[in-house]
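Chemist: Sharing a structure here in structure tokens format.
The values are calculated or read from the model by the stated rules, or taken from the named source; none is laboratory data. Treat the numbers as computed from the prediction; the structure is a model and nothing was measured. Cβ placement follows ideal geometry from the backbone for every residue including glycine, while neighbour counts extend to all protein chains displayed.
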4 protein chains.
Amino acid sequence: MQQITILIHCADQKGIIAAVTDFILKIEGNIIYIDQHVDREQNVFFMRLECELTNKNSNLVAIKNVFQIAIATSFNMSWEIYAKEQKPKMALFVSKYDHCLFDILGRYSAGELNVEIPLIISNHEDLKPIAERFGIPFFYVPFTRDNKEEGEKRQIELLQKYEITFIVLARYMQIITPKLISLYENKIINIHHSFLPGFKGAKPYHQAHERGVKIIGATAHFVTSDLDEGPIIEQDVAHVTHASTPEELIALGRDIERRVLAKAVKLYAEDRIFIVGKRTVIFN
Amino acid sequence: MQQITILIHCADQKGIIAAVTDFILKIEGNIIYIDQHVDREQNVFFMRLECELTNKNSNLVAIKNVFQIAIATSFNMSWEIYAKEQKPKMALFVSKYDHCLFDILGRYSAGELNVEIPLIISNHEDLKPIAERFGIPFFYVPFTRDNKEEGEKRQIELLQKYEITFIVLARYMQIITPKLISLYENKIINIHHSFLPGFKGAKPYHQAHERGVKIIGATAHFVTSDLDEGPIIEQDVAHVTHASTPEELIALGRDIERRVLAKAVKLYAEDRIFIVGKRTVIFN
Amino acid sequence: MQQITILIHCADQKGIIAAVTDFILKIEGNIIYIDQHVDREQNVFFMRLECELTNKNSNLVAIKNVFQIAIATSFNMSWEIYAKEQKPKMALFVSKYDHCLFDILGRYSAGELNVEIPLIISNHEDLKPIAERFGIPFFYVPFTRDNKEEGEKRQIELLQKYEITFIVLARYMQIITPKLISLYENKIINIHHSFLPGFKGAKPYHQAHERGVKIIGATAHFVTSDLDEGPIIEQDVAHVTHASTPEELIALGRDIERRVLAKAVKLYAEDRIFIVGKRTVIFN
Amino acid sequence: MQQITILIHCADQKGIIAAVTDFILKIEGNIIYIDQHVDREQNVFFMRLECELTNKNSNLVAIKNVFQIAIATSFNMSWEIYAKEQKPKMALFVSKYDHCLFDILGRYSAGELNVEIPLIISNHEDLKPIAERFGIPFFYVPFTRDNKEEGEKRQIELLQKYEITFIVLARYMQIITPKLISLYENKIINIHHSFLPGFKGAKPYHQAHERGVKIIGATAHFVTSDLDEGPIIEQDVAHVTHASTPEELIALGRDIERRVLAKAVKLYAEDRIFIVGKRTVIFN
């Protein structure tokens, strides 16, 4: 049976749930999961549904057309309908750190991530052998102060050629250009190696050590033009003590980064994330 | 504005959500929160809604009547509609341990629990001074091998006199009689001082120490005739090491017990728990 | 058998552990627990020992004298030796929030905290009834912009009269004066309702909501003249979602605050905390 | 500078710490880390030290000889002294599940594990391509009811040929023979996919689902002849809800298994684990 995921958001108003669930009924859908949220400050309604289409002859294009006409227009909705078997195409950006790359490729190979990974882009050649081990095309795209424009051009070329849906920065240590950010708005996920908003910027584990915190963390967030300020997707932490050196914090942090980034990728790949202003709404 | 909570469960079938949300629309309700779950093994549908009634003249009795006729009958639903300001009446059963009692009464006094506590029943007189401090009637009801019947009779008398909705065993160290269990079916909450199903029975912290576990826990569950086997409401854990003595595990465990029992009480008081067979469905 | 706790810190140098453990041997002590730490950046050595004195005629004053002469002088040590049964005297400062107060007094009454609480000081009269319930003297000491000097004078008078060892600010919502801070240097514990260093200052839960974080926390720290920057003793966190309103974050935060403050009080009362610069060393 | 790790255990008696630390002093060692524990029920003393040898001409064989004569004999100690750069040789046993294998090989390649992995042994050929990707010899050793003896013989041959120090069962789905267990006593680590002692045996996630637990876990333990009863090294958990199907519990469990097994391997590789009866003492 075909499964679809429906994502909706619009101004909050009466009757949305009744209208949408009635629509599902009419297209012979069986609701497997429904979740909704109302942001009362912004007065925005969010809904996510997973349905089975019990009629074998269901046609996704037709369903989308009817949904727009019968429901979306009158409620002035933004919406998406995805076939569940459709896998988004994910580009990995890396530099020299390999722990998140190994973790993602391991999970990918084990079939845990509902994505395709057509390519890896890096500003260094160090991790090329890992990409080769996993049989994924690796592109060395230098990106320095002097060749930013050329680098950006090459990145965009590759992303378009491979029809990339979203980008994951797996400890990619270079700035993403404003142009690339605007081309992939709300579609670039970064892993920051601290529990934001604490310890923004460079060397967060050293900062954490110096401040003497008892918990460290990592944060997966969307990339916006405002560094380390994009909408947060996932965070996790671990307890530490006075005995932890900065090097041990970094080692422990790798585990948190791996876990948090993998979770964020999973949430994105399963169409579970909405963005509202500076925040995310996540149906998990 | 009046707020109501609607709890529904019935055999899973098409159109329930559409019918219920349409009903809310017709009674001029504004859905604040909706959550649903389908147990696919048992084929049972569960739903919990919180609504504001925007019409000042809404009448809860009338709403219930209409709901039964218009919706519940055709779907063969089990359902409850509660006014949100209505507080369930909770009886506390205690013996000699005071940590859960202090915690619950502290939270109660601080206004954190949506309940009334009309009485405390104990098989010992030790904790009477604490009840008095908090101004709550305390009844000493001896309960030994020799006076079980009399004890049970007195317990039931008190519970009925005070119109008790549900019972919380805050480390009450006596068996609850089958009669009392059947009178308050799925309405008696116990805190077991282990991470069930590990370490059932007596002295779980000593068992945990002996086995050398690295994590201990506590479990809040409904009381059934099958000891320590009732539906689980909430569990939590803490990491421990080889250095922890049984006494230190007990001390650490008190914190987990407090936290887990308080959470279970809160979930019950806010009408968030369904029971399906040996399991709970909790909308949190 | 008498138990003592020895705390030592000094410049790191060879032979300290051998010398101290040899000393314990000579005074017929039995080491129950030993923990040590070297801060390699500052080159400071820290040690904490718990010993049983197996000789009934052991004299603590004599032991201290011998320790100074035989060990401490040559290593140029800072040190303390405490009899384990000696309870520090703790003053509670509160304003209007009652959750931490209820929690500490509940634990205190249940015998979980190795302290005496001779008095509660507040800049409001609201919580007086709670103090009375627990039989603890309550002093209303107004503290406003206009009477700071008078307030401070009265606070210090009371603290000295009751021979207070350390102060716990259980959500006390007023500034502590520089004079009081210097009189109780490294002896005033505050609970900050955020996961420092994120969200300093006022309304941290509102800040957390606005930023859309997925984890909130609380921090117990020593009070220094630099607000929210004192050495951190304990931190803990809880996961939250987009669905949490600021009010729900505050409610959830109360549980974290309670837990974190209780842990910090316990660590302090058991002489487990050293301070080195802006950080703590905690032997737990 | 050469670093060594010293592990000691013996009957608890006075003067051990003084004697050992004095010994370190005499061999011009600088103690970096010392940890000790006394099991008061069994009256056993455990100690672990990390030292730098400041004298370039230090000779490990000579140090061991002196230690035996000067210290170990009189206290009747069991002890080991390891050079820190010496890496234990670890054999991986796998069947068809690949998630733990990917995780360990990823960490190994990233240089996070202080081990050598000279070979992988499996009773199926499925995971051979992964071993090849990481350049590690893979041996297919069938192990069925009918060829147990032959299988065991081949396993032991390989382990001896490659001079294996310890064995990690990364979701190896076959019984380990008593002979292999006795040859590698306390040197075989298994990952059990439940929070032991709950849900022993097969299909623990299905058991957890059926019982309706709110937390699932995984346990790394040493393999003894008593299935799932060996000394526990590490445990961790994750919260789940009624909504989790057995399949989702399994998927979530993979993450816990990965994390817990990696931690256990790290602890073993760094010589941080003692075994006392059915329990471990872990200096972490």
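Chemist: Can B:ARG154 be described as over 16 Å from the mean Cα position of the chain (by Cα) and surrounded by fewer than 17 Cβ atoms within 10 Å (Cβ to Cβ)?
Modeler: Details: over 16 Å from the mean Cα position of the chain (by Cα): yes; surrounded by fewer than 17 Cβ atoms within 10 Å (Cβ to Cβ): no.
So B:ARG154 does not fit the description; no.
Chemist: Quick check on B:LEU158: is it touching a residue at least 60 places away in the same chain (Cβ under 8 Å) and at negative phi?
Modeler: On the way: touching a residue at least 60 places away in the same chain (Cβ under 8 Å): yes; at negative phi: yes.
Taking the combined requirement at face value, the residue satisfies it.
Chemist: Right, next: Please find, within the range D:250-262, the residue that is nearest to A:ILE256 (Cα to Cα) out of those that are hydrophobic (A, V, I, L, M, F, W, C) and more than 10 Å from every other protein chain (Cβ to nearest Cβ).
Modeler: We begin by selecting, within the range D:250-262, every residue hydrophobic (A, V, I, L, M, F, W, C); these are D:250-252, D:256, D:260-262.
Going one step further and asking which of them are more than 10 Å from every other protein chain (Cβ to nearest Cβ), we end up with D:250, D:252, D:256, D:261.
Details: D:ILE250: 21, D:LEU252: 16, D:ILE256: 13, D:LEU261: 16 Å.
Among them, the one singled out is D:ILE256.
Chemist: Next question, about the same structure. So which of D:GLY198, D:GLY217 ends up being under 26 Å from B:GLU41 (Cβ atoms), assigned to a loop (DSSP other than H, G, I, E, B) and within 11 Å of chain B (Cβ to nearest Cβ)? Lay out the reasoning, then the answer.
Modeler: Working: D:GLY217 fails: assigned to a loop (DSSP other than H, G, I, E, B).
Answer to the check: D:GLY198.
Chemist: Out of (1) in contact with a strand residue (DSSP E or B) (Cβ under 9 Å, 6 or more places away or on another chain); (2) of a type in the set (Val, Ile, Thr); (3) more than 14 Å from chain A (Cβ to nearest Cβ); (4) farther than 29 Å from C:ALA110 by Cα, what's the single condition that is false for C:ILE175?
Modeler: Of the numbered conditions (1) in contact with a strand residue (DSSP E or B) (Cβ under 9 Å, 6 or more places away or on another chain); (2) of a type in the set (Val, Ile, Thr); (3) more than 14 Å from chain A (Cβ to nearest Cβ); (4) farther than 29 Å from C:ALA110 by Cα, the odd one out for C:ILE175 is (1).
Chemist: Test D:ILE81 against the criterion of being of a type outside the set (D, E, K, R) and either within 17 Å of D:ILE273 (Cα to Cα) or in a strand (DSSP E or B) (or both), and give yes or no.
Modeler: Against the criterion (of a type outside the set (D, E, K, R) and either within 17 Å of D:ILE273 (Cα to Cα) or in a strand (DSSP E or B) (or both)), D:ILE81 qualifies.
Chemist: Here's another thing I want to ask about it. Could you say which residue among B:LYS64, B:LYS84, B:LYS89, B:LYS14 is touching a strand residue (DSSP E or B) at 6+ places or on another chain (Cβ under 9 Å), away from every other protein chain (no Cβ under 14 Å) and free of Cβ contacts under 8 Å to residues at least 24 places away in the same chain? Please lay out each step first, then the result.
Modeler: On the way: B:LYS84 fails: free of Cβ contacts under 8 Å to residues at least 24 places away in the same chain; B:LYS89 fails: free of Cβ contacts under 8 Å to residues at least 24 places away in the same chain; B:LYS14 fails: away from every other protein chain (no Cβ under 14 Å).
None of the others qualify; the one that does is B:LYS64.
Chemist: Within 14 Å of chain B (Cβ to nearest Cβ), charged (D, E, K, R), under 27 Å from A:PHE102 (Cβ atoms) and crowded, with 23+ Cβ neighbours inside 10 Å: is that true of D:GLU234 in this structure? Before the answer, list the steps.
Modeler: Values: within 14 Å of chain B (Cβ to nearest Cβ): yes; charged (D, E, K, R): yes; under 27 Å from A:PHE102 (Cβ atoms): yes; crowded, with 23+ Cβ neighbours inside 10 Å: yes.
In short, yes.
Chemist: Could you list, in sequence order, all residues of the range A:212-243 that are free of Cβ contacts under 8 Å to residues at least 12 places away in the same chain and more than 16 Å from A:ILE181 (Cβ to Cβ)? Can you show your working first?
Modeler: Initial filter on the range A:212-243 (free of Cβ contacts under 8 Å to residues at least 12 places away in the same chain): A:226, A:243.
Within the range A:212-243, just A:ALA243 meets the criteria.
Chemist: Scan the range A:196-205 for residues that are of a type outside the set (Ser, Thr, Tyr) and either surrounded by 16 or more Cβ atoms within 10 Å (Cβ to Cβ) or touching a Phe, Trp or Tyr at 6+ places or on another chain (Cβ under 9 Å) (or both) and jot them down.
Modeler: Keep residues of the range A:196-205 that are of a type outside the set (Ser, Thr, Tyr), which gives A:196-204.
Of everything in the range A:196-205, those that are of a type outside the set (Ser, Thr, Tyr) and either surrounded by 16 or more Cβ atoms within 10 Å (Cβ to Cβ) or touching a Phe, Trp or Tyr at 6+ places or on another chain (Cβ under 9 Å) (or both) turn out to be A:LEU196, A:PRO197, A:GLY198, A:PHE199, A:PRO204.
Chemist: Moving to a separate point now. Just checking, how many residues over the range C:38-53 are at pLDDT 90 or above and assigned to a loop (DSSP other than H, G, I, E, B)?
Modeler: Number satisfying all stated conditions: 1.
Chemist: Here's another thing I want to ask about it. Check whether at least one residue in the range D:182-189 is more than 12 Å from chain B (Cβ to nearest Cβ), crowded, with 24+ Cβ neighbours inside 10 Å and modelled with pLDDT of 95 or more, and report yes or no. So that I can check it myself, show each step before the final result.
Modeler: As a first pass, look at the range D:182-189 and keep what is more than 12 Å from chain B (Cβ to nearest Cβ): D:182-189.
Those still in the list that are crowded, with 24+ Cβ neighbours inside 10 Å too: D:189.
Now narrow it down to the ones that are modelled with pLDDT of 95 or more: D:189.
Yes, the range D:182-189 contains at least one residue that is more than 12 Å from chain B (Cβ to nearest Cβ), crowded, with 24+ Cβ neighbours inside 10 Å and modelled with pLDDT of 95 or more.
Chemist: Contact list please: Cβ distance under 7 Å, first residue in the range D:247-264 and β-branched (Val, Ile, Thr), second residue assigned to a helix (DSSP H, G or I), pairs at least six apart or on different chains.
Modeler: Correct list of pairs: D:ILE250/D:TYR205.
Chemist: Quick one: count up the residues across the range A:18-37 that are assigned to a strand (DSSP E or B) and surrounded by 18 or more Cβ atoms within 10 Å (Cβ to Cβ). Working first, answer last.
Modeler: Here is the first cut: in the range A:18-37, the residues assigned to a strand (DSSP E or B) are A:29-37.
Add one more test, that the residue is surrounded by 18 or more Cβ atoms within 10 Å (Cβ to Cβ), and what stays is A:29, A:31, A:34-37.
Summing the residues that are assigned to a strand (DSSP E or B) and surrounded by 18 or more Cβ atoms within 10 Å (Cβ to Cβ) in the range A:18-37 gives 6.
Chemist: Looking at the range D:50-60, is at least one residue more than 14 Å from every other protein chain (Cβ to nearest Cβ) and surrounded by 15 or more Cβ atoms within 10 Å (Cβ to Cβ)? Give the steps one after another, and end with the answer.
Modeler: Keep residues of the range D:50-60 that are more than 14 Å from every other protein chain (Cβ to nearest Cβ), which gives D:56-60.
From what is left, the residues that are surrounded by 15 or more Cβ atoms within 10 Å (Cβ to Cβ) are D:58.
Checked the range D:50-60: at least one residue is more than 14 Å from every other protein chain (Cβ to nearest Cβ) and surrounded by 15 or more Cβ atoms within 10 Å (Cβ to Cβ).
The rows are residues; the columns are (1) closer than 30 Å to C:ILE34 by Cβ; (2) not acidic (Asp, Glu).
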| position | (1), (2) |
| --- | --- |
| D:GLY198 | no, yes |
| D:ILE215 | no, yes |
| D:ASP226 | no, no |
| D:SER244 | no, yes |
| D:GLU248 | no, no |
| D:ARG258 | no, yes |
| D:ASP271 | yes, no |
| D:VAL276 | yes, yes |
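Chemist: Just need a number here: residues in the range A:5-17 that are within 23 Å of B:PHE46 (Cβ to Cβ) and part of a strand (DSSP E or B).
Modeler: 3
Chemist: Only one residue in C:ASP103, C:ASP146 is in the same structural domain as C:PRO178 (by TED's automatic domain parsing), more than 30 Å from C:VAL66 (Cβ to Cβ) and either of a type in the set (Ser, Thr, Tyr) or more than 19 Å from the chain's Cα centre (by Cα) (or both), so which one is that?
Modeler: On the way: C:ASP103 fails: either of a type in the set (Ser, Thr, Tyr) or more than 19 Å from the chain's Cα centre (by Cα) (or both).
Matching residue, one of C:ASP103, C:ASP146: C:ASP146.
Each row is one residue, and each column tells you yes or no for (1) over 15 Å from the mean Cα position of the chain (by Cα); (2) in a loop (DSSP other than H, G, I, E, B); (3) at the interface with chain D (Cβ under 9 Å from one of its Cβ atoms); (4) surrounded by 19 or more Cβ atoms within 10 Å (Cβ to Cβ).
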{"residue": "B:GLU210", "(1), (2), (3), (4)": "yes, no, yes, no"}
{"residue": "B:VAL213", "(1), (2), (3), (4)": "yes, yes, yes, yes"}
{"residue": "B:SER225", "(1), (2), (3), (4)": "yes, yes, no, no"}
{"residue": "B:ALA238", "(1), (2), (3), (4)": "yes, no, no, no"}
{"residue": "B:THR241", "(1), (2), (3), (4)": "yes, yes, yes, no"}
{"residue": "B:GLU248", "(1), (2), (3), (4)": "yes, no, no, no"}
{"residue": "B:ALA264", "(1), (2), (3), (4)": "no, no, no, yes"}
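Chemist: Can you tell me how many residues in the range A:96-135 are within 14 Å of chain D (Cβ to nearest Cβ) and touching a residue at least 40 places away in the same chain (Cβ under 8 Å)?
Modeler: Within the range A:96-135, the first condition is being within 14 Å of chain D (Cβ to nearest Cβ), and the residues that meet it are A:96-114, A:126-135.
Of the ones still in play, those that are also touching a residue at least 40 places away in the same chain (Cβ under 8 Å) are A:96-97, A:99-101, A:103-104, A:107, A:112-114.
Residues flagged as within 14 Å of chain D (Cβ to nearest Cβ) and touching a residue at least 40 places away in the same chain (Cβ under 8 Å) within the range A:96-135 amount to 11.
Chemist: Do we have C:MET90 as at pLDDT 95 or above, under 30 Å from C:ALA238 (Cβ atoms) and in contact with a Ser or Thr (Cβ under 8 Å, 6 or more places away or on another chain) here? Step through it out loud before you land on a result.
Modeler: Values: at pLDDT 95 or above: yes; under 30 Å from C:ALA238 (Cβ atoms): yes; in contact with a Ser or Thr (Cβ under 8 Å, 6 or more places away or on another chain): yes.
Taking the combined requirement at face value, the residue satisfies it.
Chemist: Right, another one. So is B:ASP236 at pLDDT below 90 and either within 17 Å of B:GLY277 (Cβ to Cβ) or touching a helix residue (DSSP H, G or I) at 6+ places or on another chain (Cβ under 9 Å) (or both) or not? Write out each step before concluding.
Modeler: Details: at pLDDT below 90: no; either within 17 Å of B:GLY277 (Cβ to Cβ) or touching a helix residue (DSSP H, G or I) at 6+ places or on another chain (Cβ under 9 Å) (or both): yes.
Against the criterion (at pLDDT below 90 and either within 17 Å of B:GLY277 (Cβ to Cβ) or touching a helix residue (DSSP H, G or I) at 6+ places or on another chain (Cβ under 9 Å) (or both)), B:ASP236 does not qualify.
Chemist: Further, regarding this structure: Kindly indicate which of C:SER122, C:SER109 is within 17 Å of B:ASP98 (Cα to Cα) and under 22 Å from the mean Cα position of the chain (by Cα).
Modeler: Working: C:SER122 fails: within 17 Å of B:ASP98 (Cα to Cα).
Result of the check over C:SER122, C:SER109: C:SER109.
Chemist: Go through the range D:92-180 and tell me which strands (runs of 3 or more DSSP E), entirely inside it, have 3 or more residues that are within 30 Å of A:ARG258 (Cβ to Cβ) and out of contact with any Lys or Arg (no Cβ under 6 Å at 6 or more places or on another chain).
Modeler: On the way: elements: D:116-122, D:138-140, D:166-169.
Answer list for the range D:92-180: D:116-122, D:166-169.
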